[in-house]
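Trainee: Below you'll find the structure I mean.
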Amino acid sequence: MSLASIDPLYHHGVTGVVLLIVLVRVVVGFAVLMGSVTLMIWFERKAISDMQSRIGPQRWGPFGILQTLADGIKLFFKEDLIPAEANRFVFKLAPYLSLVPALVTFSIVPVGGTLTIAGHPVMLQIANPPVGILVMLAMSGISVYGVMLAGWASGSKYPLLSSVRASAQMISYEAALGITIVTVILVTGSLSTHNIVTSQADGIWHWNVIRLGVVPFVVFWMAITAELNRPPFDVVEAESELVGGFNTEYSSLRFALFYLAEFMNTITMSAIIVTLFFGGPAGWVPPVSHLRWVFPIIWFVAKTVFFCWCFIWFRAALPRFRYDQVMDLGWKRLIPLSLGWMLVVAGFLIKPAWGLVMAAVVLMASVALATAFERGVAREGGPRSVLAPVGRRPLPGEVLRASSDEVEQ
Amino acid sequence: MAVTYALASEAVFASAAVLILAGAVAVITVKNPVHAAISLITTLFGVAVAFVAQSADFLAAVQIIVYAGAIVVLFLFVIMFLGVDRTRVVSLEPLIGQRALAAVGVAITVAGLVALMWRSHWVTGAPSVSGHPLASGAGNVHQLGTAVFTTYLFAFEATAALLVIAVVGAVLLARREPSEEGSPS
Amino acid sequence: MNVPAAWYLVLAALLFAVGAYGLLTRRSALIMFMCLELMLNAVNLTFVTFSRTLSDIAGQASVFFVMVVAAAEVTVGLGIVVSVFRRRSSTSVDDLTELKG
C-alpha cells in the first residue's frame, strides 16, 4: 500500500520529522477537542439558560466559563460506586467504549486546508484513510456498545430498559444515516473526507447541501440527532420514564466519562455535518499575504459552532418523542425518504432525463407504500408494536421459573 | 526503511492474531452470553485489522459496520430482550465424550488444512491471469465496486433479494399473533 | 506487506477450529450462532489473504457477499431463537426434542 496516496505528507518516505509532525497533529487534535468539550458544556448550559430565562453558570471565571472545570474537579473527588448487582468488568469497560469512538471520529474531520511545515505538506486533519467517511459510520456503530453495555451491566431495571431502547434506536437510524452518506459519496465520487471537502470548495453553490437538494441534509441531521441520543430523540434517558437512563448507576469519574463522550459526540457530529454538507473549511478568504491558512479554520469553527448551537436549540425548543414515534419516524419515514432521494440523485448523476424517470418511479412507489400502510392500519385496527416484550428479567433476589436455561444440558 | 516496514507489518499481524484468538477462545469458554458477545467483538476487530494489513480497507470498514455495528448489537439485543443473560454452568458435559470427540475432529480438520497448505502450490506468488488484478494503490474501493456491480451483478441482486426475504422472515417470526395481544407472558 | 500469506492462513485455520469446537460443544443457540460467525470470519480471512497473494479482487468480492449472507442468516436465526424462546423459555438446543420419534 502506498502511503503517499493517502496523505502527501508521506511523499518522501517516513522520516523522523514526519513522525514528529504526525505526533504533534494527534496531540494538538486531542487537546483542542478536549478543550472545546469543556467549552461546549459551558456553552450548552449558558445557551439553554438564556432560552429558559435563567442565568446559568456564573461563579467560576468570566461568565462562568470555568464551571465545567469545577464540575470535573468535584466529580473527580466523589466516591466511585459500583452497584452490588453490577457486572463489574463490563460496568468498568462501558464508559471507555463510549468515549473512544467520539475521539476517533474526529480524526477524519478536515479542519483546514494544507499547510507547509519544514518543507512537508501537512493536511489539517489527523488521518485521511482511503475509506474516509466509513470510519465515521463504523464508529457510530461502535458507540452503541457504550450505552448498551452500561445499561446492562448496571444490573438495574431502568438502565436495562434504556439500553434496549438505545440499541434499537441507534441501529434503526444508522440505516438512514448510511443512505444519506451514500448520496454524498455519489456526487463526490470518493469516500475520503479530504476529497469530499475539496469537491465543495468552489463556493456556496457547490456545497452538498445545495447540490443534493436539502433533503439528504435534513434526513442526516435528524438521524444524527437520534444517533447522539440528543433531544428530541433522547428516549434513552427520558427521566420521566427511566429515572436517568443508562447512566443512572454511574458516579464519579465514570459518569464524567459518559458526560464527556456525549458532548464530544455533539461537537464531532456537528463537524461531520459541516464536512459532508457545508464545505468543511470552505469559505471566503480575504486577499492578505500572510496567515491565509487561518481563515479556513475560522470558517470551519464558525460553522461547527453554529450546528452545536442548533443541537442546543433543539433541546430547548422541542418536546421529547414517544418511543414508538421515534421508531416510526426512523423506519417508515426517514429510510424510505432517503432511499428514494438516493435513487433520484443517482439518476440525475447519470443523465437528467434518468433523474426525472427515477423521480416518477420513486413518487409512484411512495404512493403505493403509503396506501399499503393505510390499508394495513385499517385492517388491524390501529398500529401496534411489533416488538412486544417476551420474558422478563428477575427482580433482585427473585427466581423466575426454573428453566433448563440456567444449566446447559 | 524496508526493515522498519517489515517489523511494523509483523507487529500488526501479531496484534491481529492475539485479538482474534483471544476473542475466539473467550467466546467458547466464558459463561455469560454478554461476555461472549464482547469477546466476539474483539475477534471481529482483530479480523478487521488483518483486513487492513492486507489492503482490504473497504472490507475492514464493512466488517466493523456490519458485524460489530449491527450483527453483534442484534445478538446483545436478543440476549437482553429474552433475559437469558444469566451465567451458565459450562463445566457440565451432558454427552459423555462429546468434547473429546469434538476436539479430536477439529484437530484433525486443522491438521489436514495446514498440511494441505504446506504440500500444495496454490500460492505461487504469480498474479491472477483471470479476473481483475488488484490495484497496487491504497484502497481498492473503486475496483471492488466495479467487480461487484459488473462481474458479480447477479450475485449482488440475489443477496439483495435474500436480505429482503430475511427481514420479512425475521419480522414474521418475532412478531406475536394478534390473539396473544392481551396476555402478557 | 511482508508477512507471508501462510501465517494468515494458519491464523484463519485456528480461528475456524475454535469456532467449530464451540459449535460442536456449546448448547446455547446464541453461543452457537456466535461460533458460526467465528467460522465465517475465518473463511473471510482466507479469502482476503488469497485475494492479496493472487492479486485478484474476486476474493474480496466473495467476502462482501459472505458478510451480506451472514447478516441475513443472523436476522432469521435470531428470529427463530426468539420464537423458540417464547414457546419453551429456553435457548438451549437440547430442549428442542419434540420431533424425536
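The values are calculated or read from the model by the stated rules, or taken from the named source; none is laboratory data. What you are looking at is a predicted structure, and each value in this text was computed from that prediction instead of being measured. Neighbour counts are summed over all protein chains in view; Cβ atoms, including those assigned to glycine, are modelled from backbone coordinates with ideal geometry.
Trainee: Kindly provide the set of residues from the stretch A:28-61 that are under 12 Å from A:TRP309 (Cα atoms) and in contact (Cβ under 8 Å) with a residue 40 or more places away in the chain, ordered by number.
Mentor: A:MET40, A:ILE41, A:PHE43, A:GLU44, A:ALA47, A:ILE48, A:MET51
Trainee: Considering only helices (runs of 4 or more DSSP H) fully contained in the stretch A:224-320, which possess at least 1 residues that are closer than 16 Å to A:VAL111 by Cα and more than 19 Å from the chain's Cα centre (by Cα)?
Mentor: A:294-317
Trainee: Might you let me know whether the stretch A:39-48 holds any residue that is at pLDDT 80 or above, assigned to a helix (DSSP H, G or I) and loosely packed, with under 14 Cβ neighbours inside 10 Å?
Mentor: No, there is no match, as no residue in the stretch A:39-48 is at pLDDT 80 or above, assigned to a helix (DSSP H, G or I) and loosely packed, with under 14 Cβ neighbours inside 10 Å.
Trainee: Based on what the data block shows, is A:GLY56 at pLDDT below 90, away from chain B (no Cβ under 14 Å) and surrounded by fewer than 18 Cβ atoms within 10 Å (Cβ to Cβ)?
Mentor: When the stated conditions are applied, A:GLY56 passes them.
Trainee: For residues in the stretch B:31-54 being touching a residue at least 40 places away in the same chain (Cβ under 8 Å) and not in a helix (DSSP H, G or I), which is nearest to the other protein chains (Cβ to nearest Cβ)?
Mentor: For the stretch B:31-54, the residue satisfying everything is B:ASN32.
Trainee: Between a first residue in the stretch A:232-248 that is at pLDDT below 75 and a second residue that is acidic (Asp, Glu), which pairs have beta carbons less than 7 Å apart while being 6 or more apart in sequence or on different chains?
Mentor: A:GLY244/A:GLU237
Trainee: Among (1) buried (at least 22 other Cβ atoms within 10 Å of the Cβ); (2) at pLDDT below 90; (3) under 25 Å from B:VAL110 (Cα atoms); (4) not aromatic (Phe, Trp, Tyr), where does C:ILE57 come up short?
Mentor: (3)
Trainee: Can you tell me which residue is surrounded by the most Cβ atoms within 10 Å (Cβ to Cβ) among those in the stretch C:60-101 that are within 7 Å of chain B (Cβ to nearest Cβ) and of a type in the set (Ser, Thr, Tyr)?
Mentor: C:THR91
Trainee: Quick check: anything in the stretch C:19-37 outside any helix (DSSP H, G or I), at the interface with another protein chain (Cβ under 7 Å from one of its Cβ atoms) and on the phi > 0 side of the Ramachandran plot?
Mentor: Taking every residue of the stretch C:19-37 in turn, none turns out to be outside any helix (DSSP H, G or I), at the interface with another protein chain (Cβ under 7 Å from one of its Cβ atoms) and on the phi > 0 side of the Ramachandran plot.
Trainee: Same structure, new question: I'd like the residue in the stretch A:65-85 that is surrounded by 15 or more Cβ atoms within 10 Å (Cβ to Cβ) and out of contact with any helix residue (DSSP H, G or I) (no Cβ under 7 Å at 6 or more places or on another chain) and, out of all such residues, is nearest to A:GLY155 (Cα to Cα).
Mentor: Only one residue fits best here, namely A:PRO83.
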